[in-house]
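Colleague: Here it is, the structure in full.
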Amino acid sequence: MLSFRHILPAIALLLGAPSFLLAQFPVPTTHEPDNTEPAQIHELVSKYCRLDYEGARLDPQAWSKFEPIAWWKSNPNYTQIDVVARYSVDMPPAPDTAKGKYVVTVHYRLLGTFDLTTGYVREPEVSNQNVDFLVTMENLEWRIADAENTSPHLSRAAMLKWLNQQTSTTQDQSAKARYQDALKQLQAQSASPFAK
């Protein structure tokens, strides 16, 4: 009959064998994408674009809404605001797993551009603008790291609201004239994404 002294080494061997075997195989050091990542990345960029479209980038108090989706610590500087009729976000292509990043293209229908120093310039025809967003992972968390064009992209309604606020609060007469001129042009412009 076997005694406890004889069984103890066998138990230790059985318990230690799995950790010994695991140590023989390399542990992956790069992130392997799963099949839900493209949808997650698409949702991330879509959320950023929706907030931007609604005018959140022009509200200093609203930057906290962007913090969970962008690596930027603060709202990127800009000298112009793009006014858009609509936008669409592409599904991201396969990632570059070696670098742990996705590039997502957003297609905007541009109505015009408001330059902060010179005023509003209406597009002669509604034109397309494509912007690539770079999404990267850090500590197993995906966020937007960069964009080709960091100007705010506002809907016509959000831009009209912002222009009205600026017109009523600014004391600078030349700035007020720029805001009023932009309001007049934008109110006369069709918001239809199919406008010619």
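Colleague: Give the cross-link partners of Lys161 among the lysines, using a straight C-alpha distance below 17 Å as the criterion and excluding same-chain residues fewer than 8 apart.
Modeller: Lys176, Lys184
Colleague: Rounded to whole Hz and in sequence order, give me ³J(HN,Hα) for the stretch 149-161 from the Karplus expression 6.51 cos²θ - 1.76 cosθ + 1.60, θ = phi - 60°, writing x for Gly and Pro.
Modeller: 10, 9, 5, x, 10, 9, 6, 4, 4, 5, 5, 4, 4
Colleague: How high is the relative contact order of the stretch 34-155, given as a whole-number percent (alpha carbon pairs under 8 Å, six or more residues apart)? Write out the running numbers ahead of the final one.
Modeller: Values: 232 pairs, mean separation 37.4, N = 122.
Rounded, it is 31 percent for the stretch 34-155.
Colleague: So which chymotrypsin sites (Phe, Trp or Tyr not before Pro) in the stretch 73-171 pass both tests, a DSSP loop state and at most 16 other Cβ atoms within 10 Å of the Cβ?
Modeller: Details: sites: Tyr78, Tyr87, Tyr102, Tyr108, Phe114, Tyr120, Phe133, Trp142, Trp162; in loops: Tyr78.
Here the chymotrypsin sites (Phe, Trp or Tyr not before Pro) that fit, given the DSSP loop and packing criteria, are Tyr78.
Colleague: Residues with amide H under 5 Å of Lys101's amide H, sequence separation 5 or more or different chain, H placed in the peptide plane at 1.01 Å from N; which?
Modeller: Counting only residues 5 or more places away or on other chains, the set is Asp96.
Colleague: Give me, ordered by chain and number, the residues 5 or more places off Val84 or on other chains with an amide H under 5 Å from its own placed amide H.
Modeller: Excluding prolines and chain starts, which carry no amide H, the hits are Leu111, Leu154, Ser155, Arg156.
Colleague: What ³J(HN,Hα) values, in whole Hz, does the Karplus curve 6.51 cos²θ - 1.76 cosθ + 1.60 give for the stretch 46-59 when θ = phi - 60°, with x put for Gly and Pro?
Modeller: My calculation for the stretch 46-59 gives 4, 5, 4, 5, 5, 4, 4, 4, 7, x, 5, 5, 8, 9 Hz in order.
Colleague: Another one. Count of lysine pairs in the stretch 34-155 with Cα atoms under 21 Å apart, counting only pairs 8 or more residues apart in sequence or on different chains? Please report the intermediate quantities before stating the final value.
Modeller: On the way: Lys47/Lys65; Lys47/Lys73; Lys47/Lys101; Lys65/Lys73; Lys73/Lys101.
Going through the stretch 34-155 pair by pair, I get 5.
Colleague: From the backbone phi of the stretch 122-135, what are the Karplus-calculated ³J(HN,Hα) couplings (6.51 cos²θ - 1.76 cosθ + 1.60, θ = phi - 60°) in whole Hz, Gly and Pro given as x?
Modeller: Working through the residues one at a time gives 7, 5, x, 9, 4, 10, 9, 9, 9, 10, 8, 10, 9, 10 Hz.
We did not get these values from a lab; they are worked out from the coordinates using the rules stated. The shown structure was predicted, so the numbers you read here are calculated from the model rather than taken from an experiment. In this analysis, Cβ positions are derived from the backbone assuming ideal geometry, glycine residues included, and neighbour counts consider all displayed protein chains.
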